[in-house]
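The values are calculated or read from the model by the stated rules, or taken from the named source; none is laboratory data. Source: prediction; values computed, not measured. Cβ placement follows ideal geometry from the backbone for every residue including glycine, while neighbour counts extend to all protein chains displayed. Just the protein is used for accessible areas: all its heavy atoms, side chains included, with ligands, DNA and RNA removed. Shrake-Rupley method; radii C 1.70, N 1.55, O 1.52, S 1.80 Å.
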Amino acid sequence: MKLLQLYLPLIALVLSGFVLGGKLPATIPFYLGQFLFWVGVPFSIMAFLRQADLSGAIWVAPIVAWVAIFLGGGLAWVWIYWHSQKTARNSWCKPTQGSFILAAMVGNTGYLGYPVTLAFVGTQYFGYALFYDLLGTTLGAYGLGVVLAAAYGGGGKSQWQLVKEVAINPSLWSFGTGLLFRQVPLPTLAETTLQALGWVIVALSLVLIGMRLRGLNSWHSLPKASISLSIKMLVVPLLLGCSLSLFGLTGAAKLAIILQMAMPPAFATLVIAEVYNLDRDLSVTALAVGSGGLLVTLPIWLWLFS
């Protein structure tokens, strides 16, 4: 029943974004994305952070995130090496290898991970999702992910520009600000309004996903994308999910981290692929198939770890 309660608004909001993406001017998704990146998501982080429980083993979340990043990237590299040995030749160009590894490394733990995690563990354990996303995925994508893209692709930016982009990330700043002021009391009406606006931002994030999926129409790289997604959304969550109890994580805290691990590839993988001339078709296909595949894999993790 809880899964159905999530799927109905999730599908409805993404589908509405998909439909609107074909009717509204092409600039709307861009401006909505800019608004969410600079204002909306940072605001929602501060709103939900006020109700999050940051006690316990919350520090484990970014550690697990980095283990998942390295494990996903490592397994993807091993598969490429095995495939090249099996075929006695490396049929994949370096940009394709880069996109393949990148899709197996970092997930959509923000725009998609936040609403899914909130739906199943609530605001009390939302801190685990935040720490996983901001101190794991965000830094991994625009740090290690960019280094990998520069090695496998071409073009790119200077090291100073990359450091600057990570440093001015508004979500990281709102995370720090929210930690400082989360204990400052607010009037009941202000607190209620703040939480309501936070959920509005979550809804807009799902609508934006639908708008962006509208523009993903490449399916030539489906076999490669399927393998990368299997690593990212099945193998890594299963291997690490079974070992989280060793860190003392159980119940909702454990589920929050597993749900973040199981997210499809992040939109950041497509951004990085475009900037560094990686295989855009592979990145696009992984995004589209992974986003739809989440509806199939999500019940698996709820059944195994709830």
Long-range amide H partners of GLY107 with built H, under 5 Å = ALA266
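Can you name the helices of the chain, as whole DSSP H runs, whose Cα span along the helix axis is 24 Å or more and whose Kyte-Doolittle mean is not below 1.0? Could you put the intermediate results ahead of the total?
Values: long enough: 2-23 (32 Å, 1.44); 60-86 (38 Å, 1.07); 188-214 (40 Å, 1.29); 280-305 (34 Å, 1.33).
Those that pass (Cα extent of 24 Å or more, hydropathy at least 1.0) are 2-23, 60-86, 188-214, 280-305.
With all protein chains present and a 1.4 Å probe, how do HIS220, HIS83 order by accessible area, largest first? Let's see the in-between values first.
On the way: HIS220 160, HIS83 40 Å².
Largest accessible area first, the residues go HIS220, HIS83.
Quick one: work out Rg over Rh on the C-alpha atoms of the stretch 182-253, Rh as Kirkwood radius. Intermediate results must be reported in sequence, preceding the final value.
Numbers: Rg = 19.8 Å, Rh = 16.8 Å.
With Rg and the Kirkwood Rh in hand, the quotient comes to 1.18.
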How many nm is it between the label spots at TYR31 and CYS93, if each spot is 7 Å from the Cα in line with the beta carbon?
-> 3.7 nm
Using only alpha carbon pairs under 8 Å that are at least six residues apart, calculate the relative contact order of the chain and give it in whole percent.
-> 34 percent
With 0.36 nm assigned to each residue of separation and the Cα-Cα distance removed, ASP53 to VAL78 gains 5.2 nm
For the stretch 39-136, what is the relative contact order in percent, using Cα pairs closer than 8 Å and at least 6 residues apart in sequence?
-> 52 percent
Label-reachable residues, the stretch 22-40, where backbone N falls under 19 Å from a point 7 Å from VAL200's Cα toward its Cβ | 29, 31-40
